1. Tell me, yes or no, whether segment 211-222 has at least one residue that is buried (at least 18 other Cβ atoms within 10 Å of the Cβ), at pLDDT 95 or above and closer than 25 Å to His12 by Cα.
2. When residues of segment 229-246 are filtered for being buried (at least 17 other Cβ atoms within 10 Å of the Cβ) and modelled with pLDDT under 95, how many remain?
3. Is there any pair with a first residue in segment 190-205 that is within 18 Å of Val169 (Cβ to Cβ) and in contact (Cβ under 8 Å) with a residue 40 or more places away in the chain and a second that is within 8 Å of the ligand (Cβ to nearest atom) and assigned to a helix (DSSP H, G or I) whose Cβ atoms are under 8 Å apart and which are 6 or more apart or on different chains, and what are they?
4. Could you say which residue among Arg20, Arg34 is surrounded by 15 or more Cβ atoms within 10 Å (Cβ to Cβ), of a type in the set (Lys, Arg), away from the ligand (no atom under 16 Å from the Cβ) and within 20 Å of Asp101 (Cβ to Cβ)?
5. Scan segment 112-156 for residues that are over 20 Å from Lys176 (Cα atoms) and in a loop (DSSP other than H, G, I, E, B) and report the count.
6. For segment 171-180, state whether one or more residues are closer than 23 Å to Glu213 by Cα and touching a residue at least 40 places away in the same chain (Cβ under 8 Å).
7. For Thr43, only one of the following conditions fails: (1) exposed (fewer than 14 other Cβ atoms within 10 Å of the Cβ); (2) at pLDDT 95 or above; (3) within 13 Å of the ligand (Cβ to nearest atom). What is its number?
8. Only residues that are in contact with a strand residue (DSSP E or B) (Cβ under 7 Å, 6 or more places away or on another chain), among the hydroxyl-bearing types (Ser, Thr, Tyr) and within 13 Å of the ligand (Cβ to nearest atom): list them for segment 175-213, please.
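The values are calculated or read from the model by the stated rules, or taken from the named source; none is laboratory data. Keep in mind it's a predicted model, so treat the numbers as computed, not measured. We place every Cβ from the backbone using ideal geometry, glycine too, and count neighbours over all the protein chains shown.
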Amino acid sequence: MIEIKRFPDGDHLAHAAARRFLEVAIVAIESRGRCSVALSGGTTPRALYELLGSGDYSDRVDWSQVHFFWGDERCVPPDDSESIYRMAKEALLDHIQVPADQVHRMKGELDPQRAAREYDALLRDFFSLKGNPTDQQTFDLIYLGMGDDGHTASLFPHTEALQEHDRWVTANYVPKLEDWRLTLTTPTINQAAEVVFLVGGAKKAETLRSVLEGPQAPMELPAQLIVPTLGRLSWFIDKEAAAELRPA
Ligand code: 6PG
């Protein structure tokens with residue numbers, strides 16, 4: 001089930017994304033005693049993370065039962081300005097009481113292949129996964145962004161990671177960045193109980209229309225690869241990003 005939710009601006013979008021986190025976390029903790037959420041990088045989710053770390057939301061979650069993961073990471077140390085972990089730490093993790101051993105960052109400081117292997121093993125252990133990504137559910141919630149080139153996580157157009165279906169995590173060389181990235185693979189993302197894209201701003205409008213309303217071209221537009229097997233897919237988009245979509 002794909003749900004497209006339009007919001008007047010980034011602030012309304014961030015509040016809606018924060019409310020969704022609360023809903024998912026409360027149900028997951030009540031039913032399974034823990035909540036596993038994977039965070040994305042970029043600028044869009046920062047407002048969400050700051051909200052979750054603020055008084056409006058932070059005291060409404062039992063953070064002692066929440067496990068944080070990442071959908072992707074740059075191959076840099078955790079204190080680097082480019083680190084996705086660092087952004088989430090500054091915006092959210094430093095403001096809540098989450099046990100340190102429940103913050104499972106991708107180790108961008110390591111050799112990319114080693115970091116991917118270690119995170120793959122971590123996910124297999126945490127979710128008690130056997131074999132390849134099949135119908136084994138992973139995260140309770142994954143937040144994703146979308147680049148104006150149609151990438152999501154670090155699944156960039158025409159890169160090898162798009163073809164990876166055996167591993168849960170992979171190191172992906174991105175020619176346009178001339179750098180390596182760490183990323184969850186498509187099957188891992190599609191095994192989540194819920195995936196929420198957060199897309200805002202006018203520069204995303206044309207790509208968003210192509211992804212949601214254009215022909216299937218997932219090698220060009222990797223965001224089209226995200227179709228949860230059993231889970232829920234929601235697109236939270238602001239008015240500017242929705243400008244070229246068909247009227248709601
Ligand atoms: C990253 C993200 C990436 C991001 C998109 C959108 O490594 O930057 O994981 O996939 O979500 O590039 O970024 P913005 O929110 O900054 O537009």
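1. Among the residues of segment 211-222, at least one is buried (at least 18 other Cβ atoms within 10 Å of the Cβ), at pLDDT 95 or above and closer than 25 Å to His12 by Cα, which makes the answer yes.
2. Total meeting the criteria: 1.
3. Note: no pairs meet the criteria.
4. Being surrounded by 15 or more Cβ atoms within 10 Å (Cβ to Cβ), of a type in the set (Lys, Arg), away from the ligand (no atom under 16 Å from the Cβ) and within 20 Å of Asp101 (Cβ to Cβ) holds for just one of Arg20, Arg34, which is Arg34.
5. Total meeting the criteria: 14.
6. No - not one qualifying residue is present in segment 171-180.
7. The failed condition is (2).
8. Selection gives Thr183 alone.
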